[in-house]
Amino acid sequence: MSPELQIWHPFTQEALDSVPMRITKAEGVYLYTADGRRLIDGISSWWTNLHGHGHPAIASAMAQQAAKVDHVLLAGFTHDAVEELRDCLRKILPKGLAHVFFSDDGSTAVEVALKMAVQYWQNIGRSEKKGIVALEHAYHGDTVGAMSVGAESSFTHPFRDLLFPVHRVHSAYCYRCPVGKTRAACDIDCVEKLRRLLEEQRDEIAAVIVEPLLQGAGGMIVHPVEFLQCVRKLCTEHGVLLIADEVLTGFGRCGKMFASDLAGVVPDLMCLSKGLTGGVLPMGATVCTQEIHEAFVGTDRARTFYHGHSYTGNPIAAAAAVASCRIFEREPVFDRITKIAEIHRERLAAIRNHPAVGDVRSIGTMAAVELRADDAGYTSKLRPKLYKFFIDAGVLLRPLGNIVYVLPPYAILSDELHYVHDRIVESLALC
Ligand SMILES: Cc1ncc(COP(=O)(O)O)c(C=O)c1O
């Protein structure tokens, strides 16, 4: 007899990790377990949830949409929900981004951006421009194209022969500066490697992809805004497209609607997902300039962007996304974000000089503590100890190895956020 079907959980080593916890209710910032516990969702369920779980406006928008048009393909068809979402995005996106292409999640939004960038140059007769530049410590998702632009790691190692080659340039990881500078004595020197590369090879390079200002899975690395500004300037000077992967940073995470806004930068392509639907349904979107879109329009069908997913522009996901955008308009969401950012800064300043702390960094609603460890990295032995400590204390945090971070839903109350920071302070004794 064949074994009974079981669920294979993501990023999970069954032989070592604890049995998955059963969640029976999610409400506000809390996840409720079947054995009667309550956890603060300190990482917004993988950085997706914005306004708290079970927000009634999103739940009712989804229910109403499901009763109207549940799903229809987007090739040859359109519907009100996706057009309303386009209108909402039009209001909040950096000016200059003019077309939105929907997909399923963050990884597919990245795949779309990479393919658009490469085909754009082909469509305008520059097919030699097909190289992609990506940053050290980057993470852009787990599909093969997204892994190719992500930094090499134990996650990508088994697939290294499948990945396409990319040019790798420095990230502005100030705590571990790639060019040996201190922030005080630095003139964004880490961008020189990109400058040299573009000077020499701009005719073969299609695009530079970055996680703007905050590299997430690579270690919650916060870049100075000047780094992103320099990257934008270099891309413009050398005729190379800039792809901003705002899958994590979009929709207020960094303090403004988009991280690009904080740096006053408009990318040529922007990838969105995670918070797009308020964090309740999967949906991806890749936004591009008028100029890029125009290159795909013409009577020759070979110019077409032959890409699409079954659920592209799903009406229920679009209705959730519209409801989430309206919450930004109707509720004091940016006041909440500002308050979270203030608490993060104050609490990190208080532990900056603790002997167990190597670095603290924050941007908007993200706060991270890089702990000193002999085995720094995702597989640090601190990670399981810390994870268990936080769960036992009623907080869901998933440290990235020796890096503990908080990225809560915006609905978190000050007391709840202080509770999380208090637990982080206690956890320093484990190091
Ligand atoms: C910056 C960035 N890009 C892309 C992705 C991939 O998104 P998804 O997991 O929805 O495929 C992630 C996921 O964490 C991300 O942080």
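Quick rundown of the values:
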item	result
Sequence-distant residues sharing a close amide H with ASP359 (under 5 Å, placed H)	GLU370
Pair-distance profile P(r), taking every C-alpha pair of the stretch 285-431, with 10 angstrom steps and integer %	10, 28, 22, 19, 14, 6, 1
In order through the stretch 382-389: 3J(HN,Hα) via Karplus (6.51 cos²θ - 1.76 cosθ + 1.60), integer Hz, x for Gly, Pro	5, 4, x, 5, 5, 4, 5, 4
Size of charge dipole - the chain - debye, nearest 20, with Cβ of Lys, Arg +1 and Asp, Glu -1, no other charges	460 debye
Fraction of alpha-carbon pairs over 17 Å apart in the stretch 230-314 - percent	58 percent
Residues of the stretch 279-431: accessible area per residue with a 1.4 Å probe, Å²	44 Å²
Taking the C-alpha atoms of the stretch 1-82, convex hull volume expressed per residue in Å³	216 Å³
Debye-sum result for the chain in log10 I(q)/I(0), which assumes one identical scatterer on each alpha carbon, at q = 0.06, 0.07 Å⁻¹	-0.25, -0.34
Normalised alpha carbon radius of gyration of the stretch 130-196 [divisor 2.2 N^0.38 Å]	1.24
Mean Cβ neighbour count within 10 Å, used as a protection proxy, ranking 186-195, 43-52 highest first	43-52, 186-195
Sparsely packed trypsin sites (Lys or Arg not before Pro) within the stretch 1-94, loop by DSSP, other Cβ within 10 Å at most 14	ARG22, ARG37
The stretch 43-103 versus the stretch 331-378: alpha-carbon centroid distance in Å	31 Å
222 nm mean residue ellipticity, helices alone, for the chain (DSSP H n ≥ 4; -39,500 (n - 2.57); rounded to 500)	-10500 deg cm²/dmol
For THR289, distant residues with modelled amide H under 5 Å away	ALA98
Tail beyond 21 Å, pair distance distribution of the stretch 88-233 (Cα, percent)	49 percent
Carbon/sulfur fraction of accessible area - the chain, other protein chains in place, 1.4 Å, %	54 percent
Cysteines in the chain lacking a second Cys C-beta under 4.7 Å	CYS174, CYS177, CYS186, CYS190, CYS230, CYS235, CYS254, CYS271, CYS288, CYS431
Karplus (6.51, -1.76, 1.60) ³J(HN,Hα), θ = phi - 60°, over the stretch 283-290, in Hz, Gly and Pro reported as x	6, x, 8, 10, 10, 9, 6, 4
Phi-based couplings in Hz for the stretch 70-86 (Karplus 6.51, -1.76, 1.60; Gly and Pro marked x)	6, 7, 8, 5, 9, 8, x, 9, 9, 7, 4, 4, 6, 6, 5, 5, 4
Relative contact order, percent, the chain [alpha-carbon distance under 8 Å, six or more residues apart]	22 percent
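The values are calculated or read from the model by the stated rules, or taken from the named source; none is laboratory data. Keep in mind the model is a prediction, meaning the values are calculated, not measured. As a convention, Cβ positions derive from the backbone with ideal geometry for all residues, glycine included, and neighbour counts pool all protein chains shown. Accessible surface is based on the protein model in full, side chains and every heavy atom, while ligands, DNA and RNA are left aside. Shrake-Rupley method; radii C 1.70, N 1.55, O 1.52, S 1.80 Å.
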